[in-house]
Amino acid sequence: MDRQTLVRQFCTPPPQEEIPFDRKAFAHAQVQEIVFEDRVLRAYSLGTGRDVLLVHGWGSRASHMALLARFLESKGFHVLVFDAPAHGDSKKSDRTDVSSMFEFGRAIACVAETLNDLFAVIGHSLGALAAGFVAAGTGQFSQYQISTKNLVLISAPENLSTVLKNYCKNRNEMTTLDDLTKGLEDAFNFKVDDYHLSSAVSQINDPILIAHDKLDEEIPVSDAHSLKESNVNADLKLTNGLGHNKILASRGMFQSIFDFLS
């Protein structure tokens with residue numbers, strides 16, 4: 001398989017079937033459409049108060065952050081959550097849509113500009129990775145750097161290498177890892193080894209909460225410990241048995257996030 005094909009496959013989010021919960025998740029929210037580059041992002045605004053921006057992960061959608069959004073709304077925050085490029089209702093309908101970590105980051109910066117005073121950014125998985133890089137202004141994100149008073153990283157990978165290895169492993173295509181890595185580096189003009197979230201976290205002076213499950217099946221908990229070691233002032237909250245995604249439905253985790261923001 002040629003590198004161009006490998007890159008396109010990697011940059012194509014897995015299909016996510018919309019279920020009844022997704023359609024009802026933001027029934028009482030204000031729907032917004034935010035113009036971003038050559039597409040329109042669907043966003044949902046809940047509550048009033050200090051601004052909190054939620055960022056979902058790869059192959060996910062805004063509704064997967066809905067329980068956390070509602071919880072924070074009930075605690076007196078204004079919450080804005082959006083479907084990232086090529087995800088949910090931010091897909092382009094005319095063709096198979098693609099995106100990337102870099103586009104995620106630019107979208108975060110674009111959406112953040114619609115808020116008057118960003119109090120916190122909360123990201124999950126790849127959304128956390130992109131949020132961390134944008135908050136620190138790492139590499140290509142330097143011109144899209146955002147200012148936020150608090151940063152919460154949930155189930156965040158420490159580096160892109162982990163993401164690429166997991167992708168190839170899950171597809172039983174480990175032999176393509178080198179070609180995929182080099183193809184991505186050529187396509188996006190960067191080096192994978194230059195993008196370590198621990199390096200970004202070490203440069204951020206604002207409060208950071210790192211949340212991770214000990215039994216995360218996608219991103220090992222060792223990544224969370226590496227992030228904590230890179231910034232001694234960061235808080236680390238570990239859960240046990242929730243895995244990579246169910247942590248987004250844990251009221252205990254929600255309370256920990258609220259306590260951190262408070």
- Query: Of the peptides 39-49, 21-31, how do they stack up when ordered by the mean number of other Cβ atoms within 10 Å, highest first?
  - Reply: 39-49, 21-31
- Might you report the magnitude of the Cβ-based charge dipole of region 21-93 about its Cα centre, with Lys and Arg at +1 and Asp and Glu at -1, to the nearest 20 debye? 220
- Could I have the simple spin-label model distance between LYS92 and GLN32, label points 7 Å from Cα toward Cβ, reported in nm to one decimal? 2.4
- Reference-scaled alpha-carbon Rg (2.2 N^0.38 Å with N residues) for region 65-219: 1.07
- Item | Candidate aspartates and glutamates for bridging to LYS92, where Cα separation is under 17 Å - those fewer than 8 sequence places away on the same chain excluded | GLU17, GLU18, GLU33, GLU37, ASP38, ASP83, GLU103
- Quick one: length gained pulling SER147 to ASN240 fully straight, 0.36 nm per residue minus the C-alpha distance? 30.3 nm
- Message: For the chain, what does the helix formula give at 222 nm: sum of -39500 (n - 2.57) over DSSP H segments with n ≥ 4, over the residue count, nearest 500 deg cm²/dmol?
- Response: -10500 deg cm²/dmol
- Query: Rg (Å, one decimal) plus Dmax (Å, integer) for the alpha carbons of the chain?
  - Reply: 17.2, 51
- Task: In debye, nearest 20, what is the charge dipole magnitude of the chain about its Cα centre with +1 on Lys and Arg Cβ and -1 on Asp and Glu Cβ, if you could check?
- Result: 560
- Note on the structure: For LYS228, the aspartates and glutamates lying under 16 Å Cα to Cα, once residues fewer than eight places off in the same chain are dropped, come out as GLU158, ASP206, ASP213
- Taking K and R as +1 and D and E as -1, what net charge do the other residues with C-beta under 12 Å from the C-beta of ASP178 add up to? 0
- Under a 1.4 Å probe, what is the accessible area of region 51-121 per residue, stated in Å²? 30
- Message: I want the local charge near MET253. Using Cβ-Cβ distances under 12 Å, sum +1 for each Lys or Arg and -1 for each Asp or Glu among the other residues.
- Response: +1
- Using a probe of 1.4 angstrom, how much of the accessible area of region 131-195 is carbon and sulfur, in percent? 42
- Query: Taking Cα pairs under 8 Å and at least six residues apart, what relative contact order does the chain come out at, in percent?
  - Reply: 16
- Note on the structure: Note: ASP259 to ASN170 extended length (0.36 nm per residue) minus current alpha-carbon separation gives 28.5 nm
- Message: Just to be sure I understand: with springs between alpha-carbon atoms less than 10 Å apart, which residue in PHE190, PHE133, PHE82 has the highest mean-square fluctuation in the Gaussian network model of the chain?
- Response: PHE190
- Query: So what's the net charge close to VAL221: Lys and Arg +1, Asp and Glu -1, counting the other residues with Cβ under 12 Å from its Cβ?
  - Reply: -3
- Most fluctuating residue given options VAL35, VAL98, VAL81, as computed from a GNM of the chain linking Cα atoms under 10 Å: VAL35
- Message: I need the peptides 245-258, 166-179, 50-63 ranked by packing, meaning the mean over residues of other C-beta atoms within 10 angstrom, with the highest value on top.
- Response: 50-63, 245-258, 166-179
- A correct Kirkwood calculation over the Cα atoms of region 45-105 returns a hydrodynamic radius in Å of 12.3
- Message: How long are the semi-axes of the equivalent ellipsoid of region 128-262, taking √(5λ) for every eigenvalue λ of the Cα gyration tensor, in whole Å from largest down?
- Response: 26, 20, 11
- Item | Pairwise label distance in nanometres, GLN4 with PHE21, each label 7 Å out on the Cα-Cβ vector | 4.1
- Query: Taking only C-alpha pairs under 8 Å that are 6+ residues apart, what is the relative contact order of region 171-262 in percent?
  - Reply: 25
- Under the 7 Å Cα-to-Cβ spin-label approximation, HIS225 and ASP193 lie apart by a distance in nanometres of 2.4
- Task: Find the Cα radius of gyration of region 5-148, compare it with 2.2 N^0.38 Å by division, and give the number to two decimals.
- Result: 0.99
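The values are calculated or read from the model by the stated rules, or taken from the named source; none is laboratory data. The structure presented is a predicted model; accordingly, all values stated were derived computationally and were not measured. As a convention, Cβ positions derive from the backbone with ideal geometry for all residues, glycine included, and neighbour counts pool all protein chains shown. We work out accessible area using only protein heavy atoms, side chains counted, and drop any ligands, DNA or RNA first. Shrake-Rupley method; radii C 1.70, N 1.55, O 1.52, S 1.80 Å.
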